[in-house]
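Following: one structure in structure tokens, then a few remarks.
The values are calculated or read from the model by the stated rules, or taken from the named source; none is laboratory data. Fair warning: this is a prediction, and the values are worked out from it, not measured in the lab. Reconstructed Cβ throughout: ideal geometry from the backbone, glycine too, with neighbour counts over all protein chains shown. These area figures cover heavy atoms from the full protein model, side chains too; ligands, DNA and RNA do not enter into them. Shrake-Rupley method; radii C 1.70, N 1.55, O 1.52, S 1.80 Å.
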Amino acid sequence: MDTTKTPAANATEADAAPVDLEKTEVTQPAEAEADSVPTDAAPEDEDFADEADEDEAGQPGHVGSAAFAVIAAGLGVVALSGSWVAGIVSERASIAARLELSQAADANAQIAAQFVDPWHTTAMVNGVFSALALIIATFVLALPAFSTPERILPTWVRSVSWAGVGLGALGVLLFVLMYFDLLLAIPKAAG
């Protein structure tokens with residue numbers, strides 16, 4: 001490596017003097033040697049790789065449990081907030097009940113056709129979502145009991161599963177209250 005500096009056409013004598021770069025040449029090989037020396041990080045990386053291999057070979061991961069926990073919590077939220085499926089099924093029940101009505105039907109029959117049947121249908125669909133959330137979340141929480149004793153779900157997976165259980169149970173309770181008209185009374189026409 002040439003460490004001398006070639007002078008420019010209009011350079012002064014001080015600029016034309018060769019530059020001594022021994023210090024940088026000395027530090028560069030030392031840095032190169034430092035890069036080639038194994039550090040403490042390499043054995044740790046190997047330990048992590050060994051642990052990952054053991055997880056892949058021996059114990060299955062928690063990806064499936066985590067996915068089902070999130071699905072259960074999502075189904076619980078959908079059951080409580082309502083879904084487009086419940087809306088579509090409710091509208092279908094309303095149209096079917098109106099088609100069955102005759103022109104001479106009394107007010108209570110019209111109320112049942114336009115309000116009660118769609119209400120019960122919505123409750124049924126949301127109840128199905130709630131029951132699915134409750135079943136899936138319970139399955140995720142019970143899964144370690146049926147596998148190896150060392151297998152424990154991560155804390156966040158258990159928390160999300162418990163949220164799914166809570167949302168599913170609340171949804172089932174609301175289903176019962178809506179379907180059997182315990183939440184709100186059916187409106188009745190006077191006379």
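Before moving on, here are some points about what is shown:
- Accessible surface of segment 82-172, 1.4 Å probe, proportion on carbon and sulfur as whole %: 70 percent
- Residue-normalised convex hull volume from the C-alpha trace of segment 131-191: 69 Å³ per residue.
- For segment 106-191, trypsin sites (Lys or Arg not before Pro) meeting the loop criterion (DSSP other than H, G, I, E, B) and having at most 12 other Cβ atoms within 10 Å: 188.
- Descending Cα extents along the principal axes, segment 81-191, whole Å: 70, 23, 20
- A 1.4 Å probe run over the protein chains yields, for segment 97-173, 58 Å² of accessible area per residue, whole-number rounding.
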